[in-house]
Amino acid sequence: MIVREVVTPTKRQLTVTVPDAMIGKPLEVTIREKSAKDSRSKKKTIAELKAELEGLTVNMEGYRFDRDEANDYD
């Protein structure tokens, strides 16, 4: 089980509530500053998304699904 929570502390000490399922188990606590890059508030344009996915997409032009071929288990 993973619990992730982003908080902005207002003082030096921070209290963490542990789920019942994790009581008595070893836990790892990591504290790091959240950078502006981590923020996902900026919406991307279609052009920006296409640029990110360049090389990860498959050109399906000319492909035609053949049901008989797909169901041929021999």
(request) Would you mind stating whether LYS50 is out of contact with any helix residue (DSSP H, G or I) (no Cβ under 6 Å at 6 or more places or on another chain), surrounded by 10 or more Cβ atoms within 10 Å (Cβ to Cβ), in contact (Cβ under 8 Å) with a residue 12 or more places away in the chain and basic (Lys, Arg)? (result) no
(request) With the checklist (1) modelled with pLDDT of 90 or more; (2) within 23 Å of the chain's Cα centre (by Cα); (3) among the hydroxyl-bearing types (Ser, Thr, Tyr) in hand, flag the one item SER39 doesn't pass. (result) (1)
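The values are calculated or read from the model by the stated rules, or taken from the named source; none is laboratory data. Just so it is clear, the model here is predicted, and its values are computed rather than measured. Cβ coordinates were reconstructed from backbone atoms using ideal geometry, including for glycine residues, and neighbour counts include every protein chain displayed.
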